[in-house]
1. Would you pull out the residues with amide H under 5 Å of residue 286's amide H, same chain only if 5 or more places away, H placed 1.01 Å from N?
2. Whole Å is fine, so just give me how far the alpha carbon centre of the range 164-183 lies from that of the range 286-323.
3. Give me a comma-separated list of calculated 3J(HN,Hα) values for the range 51-60, in order, Karplus coefficients 6.51, -1.76, 1.60 applied at θ = phi - 60°, integers in Hz, x for any Gly or Pro.
4. Pull up the DSSP beta bridges for the chain and report the antiparallel fraction as a percent, rounded to 5.
5. Run down the aspartates and glutamates and flag those whose C-alpha is under 17 Å from the C-alpha of residue 253, throwing out any fewer than 8 positions away in its chain.
6. What residues qualify as long-range amide H neighbours of residue 197, i.e. H under 5 Å apart, gap of 5 or more or another chain, H built at 1.01 Å from N?
7. What FRET efficiency comes out for residue 312 versus residue 92 if R0 is 35 angstrom and r is the Cβ-Cβ distance? Round to the nearest 0.05.
8. Among the aspartates and glutamates, which fall within straight-line cross-link reach of residue 127, defined as a Cα-Cα distance under 12 Å, with same-chain neighbours fewer than 8 residues apart omitted?
Amino acid sequence: MNKKIWLSSPNMGGEELTYIHEAFDTNWIAPLGPHVNNFEKEVASYVGTTHAAALSSGTAAIHLALIILGVKAGDEVICQSFTFSASANPIVYQQAVPVFIDSEKETWNMDPVLLETAIKGRISKGKKPKAVIVVHLYGQPAKMDEITSICKHYDIPIIEDAAEALGSLYQNKMAGSFGQFGILSFNGNKIITTSGGGMLLSDNENYISEARFLATQARDDAPHYQHSHIGYNYRMSNVLAGIGLGQLKVLEKRVKQKNEIYRFYVKELSEIPGIHFQPELKNTKSNKWLTAVTIDAIHSGFSREDLRHILNKENIESRPLWKPMHLQPIFQSAPAYVNGTSEKLFQNGLCLPSDTNMNQEDFSRIHNIFKSLF
Ligand SMILES: *Cc1c(COP(=O)(O)O)cnc(C)c1O
């Protein structure tokens, strides 16, 4: 069997173990400690927010953002439909209702026109949305100018799901620094990883201290265990924050490598009729976490599934684009504002192996498969 080529696997930079050893040597083996504090500081300063809370996952970060924004049972929260389910699930943790918005064709992210239609529609039903969750899919920033100005106009806070977009730029500003909250994920498949983990970012100091309070079981200030709020166990371990500190040292290198992988595919595939890459908006710079293409079988002569199966037979992982949330069985009854874009992307779109661990031999294998195909 050929060596497996992954979509995106963990890639250690080399200094992670030094930080882990330091945590062991000082016995900071807890969901708090100096690595956690430093990891928060370094990530906040890299992204350009004044505050950050390191958490157990990106999902936990979205959940806490919703709680802090006061989302309660029966409230409505607007969410990009074309995303991973973790963007939307925390809305339901709060027993609130997700309202899904389809994508536009220029970034594959939330369509600002549909967003405004939805906000007006919900307000006319007496249900002003409590928050808007926008996603930067595969690293490509959404149309933040338009989305920010609409949300400002209707006075609705933005939660910016930058889980896939650490290191991406929108008009020279980092993804994750635009919303009232930004969220990051350090899951194993993301551009840098702590094996599992997340970060809540904000320029509002009160928001982040509330997040830290809620993430550590909401203990009141008392010598005994006293609680006036429901708390969560959502903090990041000091050991894992050590991995994060090591990974930060190679983040810029990983962004460069992901862009090289993207250029490899452009060179290989851009002449093939019917293949189109995820478009890039002017004034944005995607971290290219995953290279994503659509395949129009009428012009290319083969379908997305054809290519996926061919790669799979050679032990090479690729994956269809996200199945939109408004098409998921679990969200069938949720309101949705739809234009058909994400459904079509889901039918024809494929994420190509974008693993920074790929070596020259791996690229050659992929090249040879493409050569035999075309
Ligand atoms: C990975 C991911 C998340 C969730 O992050 P976890 O750390 O896995 O909980 C949320 N949103 C998007 C778009 C993601 O890709």
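1. The answer is 169.
2. So the separation of the two Cα centres works out to 27 Å.
3. Along the range 51-60, the couplings run 9, 7, 10, 7, 10, 6, 6, x, 4, 4 Hz.
4. Of the beta bridges lying entirely in the chain, close to 60 percent run antiparallel.
5. 15, 16, 42, 164, 355
6. 58, 186, 187
7. In this case the efficiency is close to 0.60.
8. Candidates past the 8-residue exclusion: 75, 76.
A short reminder: the numbers here are calculations on the coordinates, not readings from a lab. A quick note: this is a predicted structure, and the numbers were derived from the prediction, not measured. Counting neighbours? That spans all protein chains shown, and the Cβs are built from the backbone with ideal geometry, glycine included.
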